Amino acid sequence: MNALLVICGLSIVSLLAEIANFKKWLTAIVILGLAAAAALLVQDWNTSVSYFSDMLVFDNFALAFTGLLAFISILWFWMASDYFQAQPHHRTDRTSLIIFSIVGAVLMASYNNMAMLFLGIEILSLSLYVLAGSNKDSLFSIEAAFKYFLMGSFATGFLLMGIALLYGATGSFDIREIAAFTTSHADTLPSFFYAGVLMLLVGLAFKISAVPFHFWAPDVYGGAPTTVTAFMSTVVKIGALAAFYRMFAIGLPSTHSTWSTILMVITVLTLVLPNITAVYQSHVKRILAYSSVGHVGYILLAFTADPTGASGVVYYYLASYAVASIAAFSVLHLVEGNSESITIEYFNGLFKRNPLLAVGLTIALLSLAGIPPFPGFFGKYMVFALAIAQGYTPLVIVAVVTSLIGVYYYFRIIIAMYFQEPQQATPLPVSGAQRALAFVLIILSFALGIFPDAVLSLIQ
Amino acid sequence: MFITIFLLFFPLLVALLLFAFKPAQAKMLALVASIIELAVSLYLVVIFPRTDAVQFVVDVPWVRAFGLHFAVGMDGISLLLVLLTTLLVPFIILSSFSRTIEKASTFYGLILVMQMALIGVFCALDGLLFYLFWEIALIPIYFICLIWGGEDRGRITFKFFVYTLAGSLFMLVALVYLYFQTPGTHTFAMQALYEAGRALPLYEQSLIFWAMFVAFAIKMPVFPFHTWQPDTYTVAPTQGTMLLSGIMLKMGIYGVIRWLLPLVPAGVAAWGFTAVVLSVIGIIYASCIAIVQKDFKRLIAYSSVAHVGLISAGAFTLSTIGVQGAMIQMLSHGIVVFALFYIIDIISQRTKTRTLSELGGIRNVAPVLTTVFVVVMLGSVALPFTSGFVGEFLLINSVFQYHGVLGVIAGLTIILGAVYMLRTFQQSMSGETNAVTARFADLTTQEKLVLYPMVLLILVIGIYPAPLLEISEPAVASLLKIYSNLSASVK
């Protein structure tokens with residue numbers, strides 16, 4: 001809880017920075033604040049304290065996810081530091097919006113009451129609608145913001161309706177009470193309860209961008225400024241999947257049979273469609289957007305196979321995915337410069353222009369593709385092992401095939417970096433901070449791959 | 001034991017130093033490191049007790065969440081292949097000294113990472129660890145070929161990568177399946193997987209046999225899984241080709257001996273004959289294609305398919321002489337093919353061509369090179385008193401005892417091998433010198449330093465192979481004894 005307060009405070013501080021004129025120090029203050037928030041989580045470990053009449057529960061699941069959110073946010077601010085310097089206007093506003101959406105993500109990871117879930121999603125989304133359109137001179141950016149807003153509102157409508165129907169059927173917003181009620185009144189649940197569950201599923205599937213509710217994702221990811229895209233595909237995705245997990249694993253496990261078949265269909269679609277579509281993209285941001293949708297499919301596969309036992313696997317998968325994504329987007333951000341649509345040709349000969357960035361991106365892509373010994377492999381491995389143990393072998397075969405397809409489009413970028421001749425033969429200079437970040441991300445990738453136990457022990 | 005850990009991680013450590021500091025003397029550093037590695041493995045051979053037990057074992061839990069142990073150790077079979085790896089790597093590094101290589105520290109670093117992964121494959125005693133090293137080995141060789149390779153390497157190396165990755169995914173599925181068959185809290189430990197595999201009914205053993213066999217067959221490669229190989233060998237830089245053909249293809253055969261034969265005996269009994277037939281088809285098929293090749297490097301690539309086919313056939317005969325023949329022939333083939341690719345590299349660097357018809361008459365201007373080439377060629381065609389003879393004799397003998405007709409067909413490899421190798425010699429070395437070869441310089445000191453030891457090894461192993469055979473014999477015998485007991489009880 002203290003961590004949440006610290007993060008809220010940070011966003012107020014960053015608004016004050018404009019008036020009190022300490023903009024220069026803002027990124028450093030935010031990073032230190034987030035680190036402090038993460039440190040505060042330690043003292044709440046194993047306490048499971050509830051706040052505001054059980055509206056929020058900081059159990060170990062919530063604490064672990066909050067820690068991951070804080071950690072990835074720190075990496076994100078590090079990566080975005082020179083973006084903020086290059087865009088001096090509204091720097092404090094943007095920082096503040098980002099931190100508010102982190103607050104939303106923390107609420108989504110720790111809610112125990114559907115009202116809190118709604119608040120969390122809205123705090124997160126409203127900030128993002130603005131951020132997606134923050135590149136005011138770019139039509140794509142404005143289009144992205146508008147699309148995101150329309151689609152997001154639509155999804156929120158579903159979500160609210162679902163929450164209302166669930167409340168009508170069970171008389172509570174509290175997900176644990178709903179779980180208890182559905183267990184004890186399993187035979188007498190009204191039919192609109194099930195309609196409510198499906199609406200919740202649709203609303204949350206929008207937020208995690210699962211197929212067929214993913215159509216906004218490529219356009220929004222492609223149009224938004226690259227740093228914002230990086231934020232959406234890591235921090236936002238972690239928050240949304242945590243919310244999804246809490247809702248269905250804690251709130252609705254006893255009605256598993258109503259939603260499991262639909263979820264399985266969604267899982268297969270989310271594995272197959274984006275991975276195939278990504279093959280035909282030439283814009284790297286869109287490739288990464290589709291790949292990010294595809295990765296949701298693997299997480300959903302773990303969840304489908306074992307809704308209540310998958311938390312460790314989901315957590316590890318998200319951690320490895322987020323580190324690799326931040327690494328990929330940080331290089332993308334440096335390579336694109338001022339251009340708006342970055343194609344694979346931009347990466348031609350990157351290994352000659354800047355070996356460190358090329359190696360960093362290669363490791364990120366190998367991890368996303370699931371090649372050992374990188375953490376993406378262990379993530380996929382655990383998903384597959386879990387699914388095989390639960391008897392979902394046909395789904396695993398689908399997932400193995402889609403991850404082979406994934407190898408194809410990730411390797412298009414790798415081959416461009418090492419094999420093609422560069423368009424500009426000049427070296428690509430990067431700042432010391434970015435070099436250090438690339439180095440840290442490479443170390444992190446190896447560390448996650450060599451010590452998966454350290455991450456898994458947080459949540460199992 | 002400390003020594004296994006050292007063998008594994010010392011190359012990695014040096015590679016990390018090379019990546020981090022990019023020293024000007026990268027190649028010297030890499031060479032010194034690989035010589036230290038060779039010295040340690042020679043010391044190992046000296047102190048290695050000639051028993052069938054797995055020695056120098058290290059076993060620590062790595063990832064408790066899915067029962068992965070860092071378990072490594074060596075028996076005679078592993079030791080011979082570790083020796084092959086540590087023997088060839090310094091010479092591979094030395095063979096690159098005459099040319100300037102862009103981004104040298106990355107190049108030599110990747111070779112050393114490759115060495116680490118190969119030793120890991122040969123030492124792993126845990127199923128998942130074996131798989132991890134198996135895949136890790138793919139990454140450095142892929143980048144060596146992609147960055148320093150020849151024409152059209154983007155497409156060809158990608159095919160190579162996807163082909164081998166897809167194959168090994170089958171193996172992973174089989175290993176995970178076996179993992180869930182182990183009792184209690186599951187484990188990937190080798191013995192436990194053996195027992196789980198042997199307890200399965202025939203149908204499931206057959207499925208696992210095919211899943212594993214496809215992974216190994218692609219790596220070797222055995223017909224009809226070989227289509228990636230000639231292109232990749234041709235397009236790879238010389239050192240990459242040496243790593244691929246000299247050491248990496250032995251991963252496939254090692255996989256068969258260690259992770260297939262003892263794992264699913266009933267499956268092997270049911271499908272081993274098919275595997276032998278495929279291997280024998282590969283021998284004839286690849287030899288015939290080799291005969292009509294115009295490109296020197298491509299010709300040796302196909303000859304490699306033929307040789308490995310015979311090794312694979314011998315291993316699947318499940319006889320001591322077959323597996324022992326496979327062991328000694330793996331060593332011999334590694335040395336011979338390394339030397340051949342180096343000779344091709346020397347010729348093509350000087351004449352700027354690898355097309356056989358454009359060469360000729362090198363004998364007249366480079367007698368030392370010609371002599372070396374003759375010895376290596378005789379090793380390749382398995383003349384008595386060369387290393388190739390010991391292996392091929394044992395192998396053909398074992399295939400003959402296994403099935404007479406197949407043995408006769410497999411024996412054709414010697415004749416066909418002689419046809420394409422002698423024809424190669426004739427076209428490149430003898431005849432009149434032409435404009436391309438007229439100013440051909442003989443071997444330099446550095447080239448002699450690489451090739452003379454190889455010539456010596458080919459002769460020494462050919463004349464007195466017993467010390468090497470003794471290393472692996474107890475392990476092979478015990479591996480096959482378990483095997484025959486089990487298949488007897490199955491029947």
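None of the figures in this text is laboratory data; all of them are computed from the coordinates on show. Everything numeric in this text was worked out from a predicted model, so none of it was measured. We place every Cβ from the backbone using ideal geometry, glycine too, and count neighbours over all the protein chains shown.
Details
- The packing ranking of peptides A:100-111, B:33-44, B:278-289, highest mean first, is A:100-111, B:278-289, B:33-44, where packing means the average number of other beta carbon atoms within 10 angstrom of each residue.
- Charge-dipole axis of the range A:281-370 as Lys and Arg at +1 and Asp and Glu at -1 on Cβ define it, positive-most pick from A:Val314, A:Leu288, A:Leu332: A:Leu332
- The mean number of partner chain beta-carbon atoms within 10 angstrom of a residue's beta-carbon across peptide B:98-106 is 1.
- Highest average packing first - B:425-432, A:270-277, Cβ atoms within 10 Å: A:270-277, B:425-432
- Protection proxy ranking for A:259-265, B:396-402, B:15-21, using the average of other Cβ atoms within 10 Å per residue and placing the highest first: B:396-402, B:15-21, A:259-265.
- Cross-link reach list, aspartates and glutamates versus B:Lys219, counting only Cα pairs under 12 Å and skipping chain neighbours closer than eight places: B:Glu135
- Of all lysines in the structure, the ones whose alpha carbon falls short of 16 Å from that of A:Lys147, not counting any fewer than 8 places away in one chain, are A:Lys136, A:Lys207.
- Taking other Cβ atoms within 10 Å as a rough exposure proxy, A:Trp25, A:Trp45 sort from fewest to most as A:Trp25, A:Trp45.
- Inter-chain neighbour count for B:137-145: the average number of beta-carbon atoms from partner chains within 10 Å of each residue's beta-carbon is 2.
- Greater than 22 Å apart at Cα, pairs in A:Lys237/A:Lys285; A:Lys237/A:Lys380; A:Lys380/B:Lys22: A:Lys380/B:Lys22
- Prolate/oblate/rounded call for the range B:252-304, Cα gyration tensor, a/c under 1.5 rounded: oblate
- Within-13-Å neighbourhood charge of B:Val173 [Cβ basis; K, R +1; D, E -1]: 0
- Net charge contributed by nearby residues that have their C-beta within less than 12 Å of A:Pro427 (K/R +1, D/E -1): +2
- In the range B:358-452, the trypsin sites (Lys or Arg not before Pro) that fall in loop regions by DSSP, at most 10 other Cβ within 10 Å: B:Arg439
- Estimated from the Cβ-Cβ distance and a Förster radius of 30 angstrom, the FRET efficiency linking A:His89 and A:Phe439 is about 0.45.
- Counting Cβ atoms of other protein chains within 10 Å of each Cβ in A:411-421 and taking the mean gives 4.
- Residues A:Met161, A:Met199, A:Met79, sorted so that the one with the fewest Cβ neighbours within 10 Å comes first: A:Met161, A:Met199, A:Met79
- C-alpha center-to-center spacing [the range A:244-274, the range B:290-333] in angstrom: 52
- Members of A:Lys352/B:Lys27; B:Lys250/B:Lys448; A:Lys24/A:Lys352 lying beyond 24 Å, as alpha-carbon distances in this model show: B:Lys250/B:Lys448; A:Lys24/A:Lys352
- Gyration tensor (alpha-carbon) shape descriptor, the range B:111-195, a/c threshold 1.5: oblate
- Footprinting exposure proxy for A:Glu336, B:Glu473, B:Glu151 (fewest neighbouring C-beta atoms within 10 Å first): B:Glu151, A:Glu336, B:Glu473
- Of all aspartates and glutamates in the structure, the ones whose alpha carbon falls short of 16 Å from that of B:Lys294, not counting any fewer than 8 places away in one chain, are B:Asp231, B:Asp345, B:Glu358.
- Three-way shape label, the protein assembly as shown, alpha-carbon gyration tensor, a/c 1.5: prolate
- Dipole-positive endmost among B:Gln401, B:Phe143, B:Leu88 within the protein assembly as shown (Cβ charges, Cα centre): B:Leu88
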